[in-house]
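Worksheet: the structure to be examined is printed underneath.
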Amino acid sequence: MNVRSGRFRLLDSMRAIAFVCVLTAHTAFFAGFAAEGSTLRPFFARLDVGVRIFFLISAFLLYRPFVAARLGDEQPPLARAYAWRRFLRVAPPYWLALCVIGLWLGEPGVFTVEHAPLYFGFAHVYTNATLTVSAMPQAWSLCVEVAFYLFLPVYAALMRRVRGGLRAELVAAALLFCLSLAYKLWVFARGPITDPSLLSWHVALPEYLDYFAIGMALAAVSVAGRPGRLIDLVARRPWVGWLGAVVLFVVVSKGIGLTGSVHDAETEAPYLARHYLYGAIALGLFLPTVFGDPDEGLIRRVLAWRPILWIGLVSYGAYLYHFAVLEQLKKWRFGSFADDVSPYVWFPVALAGALAIAALSWYCFERPVLSLKRLVPTRPVERGEATLEPAP
């Protein structure tokens, strides 16, 4: 089994898949597939699993340099370099999108003195007054991501004080997983899931820390090179992981009593079942992209197709703007045209619109901003030593 130590290029394709899942879930509401009684409604509703794929990718890629340094007894990445790169990657594109969408579709609350610090500070999910941006409701996940970015270097610093190798990493990840479950049970004890006063608690980092724990554990396994039989099986036969993900997707869509409505997981059992089935689905799709030969197998060859990799490259901008594209199509009464042709036309049009804006965002803004990462070196520069930085 081959565990790669370089760049995991197929993760760009996983980003593309995660984004298309989220886009499809949102587009289904505008196209009418999420209407009550629709046969496809339960399946389209469950495509929000794409957000969980994003969480696994972030945890794996961001924790891997820290755990590699720890297991290799080397100096960890500089905290300031880590913080600078995370800031450049996430904050400026998001701020630009907030301004563009706020002016484009009219979101006056984004620019008020009271609410602007929350929206621009990735903190709007922590109060019901600003829980969602109507033209960017998906931004809640960015708040979770940023909270994880802040948590990760602290966790990594604590882990450097822990003795032991891979086993210690896996035990610590399991502890995070259990703490996340305990947090959910504690929130359940405070009131019903549908209680509006508890919404902010359900979109805080501890709610999703178990997903990040899975990604961090996989990062440790990939560095140690001891994957175990199950991961080795999926690495050699990628279709096993993907087939398992498809089966579990059918189960979470139709097998645990969910209907696809906004509040269809109103009690603890279906809520937790959905939560952990999402994690298993994301894991099944994720494993073949980071373990095994990246050029082996039909699934990996498809994932290596350049158009899919490109969608992954610009997926952040597409994720930021896709809902605004759908809102604009609605304002243009696109549904009337789609009903005359086919409601399925919503999907390619929404995808094309989101990718067009995302391409502008990437080539004209995001990539130039990322070039500034050279300003903060990844390691201390000794006197008289040149700094070598990787290409953006």
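The values are calculated or read from the model by the stated rules, or taken from the named source; none is laboratory data. Bear in mind the structure is a predicted one, so any value in this text is a computation, not a measurement. All Cβ positions, even for glycine, are placed from backbone atoms using ideal geometry, and neighbour counts span all protein chains on display. We work out accessible area using only protein heavy atoms, side chains counted, and drop any ligands, DNA or RNA first. Shrake-Rupley method; radii C 1.70, N 1.55, O 1.52, S 1.80 Å.
Scanning the stretch 192-215 for residues that are in a helix (DSSP H, G or I), open to solvent by 20 Å² or more (accessible area, probe 1.4 Å) and free of Cβ contacts under 8 Å to residues at least 12 places away in the same chain turns up nothing. Taking the stretch 1-97 and the helices (runs of 4 or more DSSP H) fully enclosed by it, the elements with 3 or more residues that are of a type outside the set (Gly, Ala, Ser) and farther than 25 Å from residue 146 by Cα are at 10-31, 41-45. Out of all the residues in the stretch 10-32, which are open to solvent by 10 Å² or more (accessible area, probe 1.4 Å), farther than 16 Å from residue 264 by Cα and not polar (S, T, N, Q)? Matches in the stretch 10-32: 12, 15, 17, 20, 21, 26, 30, 31, 32.
Just so you know, in the stretch 81-119 the residues that are farther than 17 Å from residue 322 by Cα, more than 18 Å from the chain's Cα centre (by Cα) and among the aromatic types (Phe, Trp, Tyr) include one that is most open to solvent (accessible area, probe 1.4 Å), and it is 111. Quickly run through the stretch 166-181 and pick out the residues that are touching a residue at least 40 places away in the same chain (Cβ under 8 Å) and exposed (fewer than 15 other Cβ atoms within 10 Å of the Cβ). Answer for the stretch 166-181, where residues must be touching a residue at least 40 places away in the same chain (Cβ under 8 Å) and exposed (fewer than 15 other Cβ atoms within 10 Å of the Cβ): just 174. Of the residues making up the stretch 313-328, one or more are open to solvent by 50 Å² or more (accessible area, probe 1.4 Å) and part of a helix (DSSP H, G or I). The sole residue among 122, 148 that is surrounded by 19 or more Cβ atoms within 10 Å (Cβ to Cβ), on the phi > 0 side of the Ramachandran plot and in contact (Cβ under 8 Å) with a residue 12 or more places away in the chain is 122. Taking the criterion of being open to solvent by 50 Å² or more (accessible area, probe 1.4 Å) and part of a helix (DSSP H, G or I), the residues of the stretch 249-278 that qualify are 250, 251, 254, 268, 269, 276. For the stretch 130-145, the set of residues classified as surrounded by 14 or more Cβ atoms within 10 Å (Cβ to Cβ) and part of a helix (DSSP H, G or I) consists of 130, 138, 139, 140, 141, 142, 143, 144, 145, listed by residue number. Restricting the stretch 335-388 to residues that are of a type in the set (Lys, Arg) and modelled with pLDDT under 95 leaves a set whose member that is surrounded by the most Cβ atoms within 10 Å (Cβ to Cβ) is 373.
Consider the stretch 47-80. How many of its residues are touching a Cys at 6+ places or on another chain (Cβ under 9 Å) and either more than 25 Å from residue 214 (Cβ to Cβ) or open to solvent by less than 40 Å² (accessible area, probe 1.4 Å) (or both)? Let's see the steps before the verdict.
To start, the set of residues in the stretch 47-80 that are touching a Cys at 6+ places or on another chain (Cβ under 9 Å) comprises 47-51, 53.
Next, from what is left, pick out any that are either more than 25 Å from residue 214 (Cβ to Cβ) or open to solvent by less than 40 Å² (accessible area, probe 1.4 Å) (or both): 47, 49-51, 53.
Qualifying residue count, the stretch 47-80: 5.
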